[in-house]
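Comments concern the structure below.
The values are calculated or read from the model by the stated rules, or taken from the named source; none is laboratory data. Since we're looking at a predicted model, the values are computed, not measured. Note that each Cβ is placed from the backbone with ideal geometry, even for glycine, and that neighbours are counted across all protein chains shown. Surface areas here come from the heavy atoms of the whole protein model, side chains and all, with no ligands, DNA or RNA. Shrake-Rupley method; radii C 1.70, N 1.55, O 1.52, S 1.80 Å.
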Amino acid sequence: MSHAFIIEVDSRAAGIVVRDGRSFRFHAACDDFSGLEGQGFRSPGDAQKAAVRHLGAYPAGRSPKLKVA
């Protein structure tokens, strides 16, 4: 069983989660996801959902760099 997983949002790396006991600890790949840095999740899927929600928290027109083409 793997102990680390890449988390992607919109085909871009958001970070990785690494097994930390019974949870998975998030490590941001870029500043856009630094708000999730160090947070623990029950599963890689939960971390993925949190990363998507994190991007959705930005008001229209104020998206983080990750969404800018």
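Annotations for the structure displayed:
- Residue match in the stretch 54-65 (condition: of a type in the set (A, V, I, L, M, F, W, C) and at pLDDT 95 or above): no
- Number of positions in the stretch 1-34 that are of a type in the set (K, R) and in a loop (DSSP other than H, G, I, E, B): 1
- For the stretch 1-52, residues that are of a type in the set (F, W, Y) and open to solvent by 40 Å² or more (accessible area, probe 1.4 Å) total 1.
- Taking each residue of the stretch 35-48 that is closer than 11 Å to F24 by Cβ and looking for partners that are modelled with pLDDT of 95 or more and open to solvent by 50 Å² or more (accessible area, probe 1.4 Å) with beta-carbon atoms closer than 6 Å, six or more apart or interchain, yields G40/R25; P44/F5.
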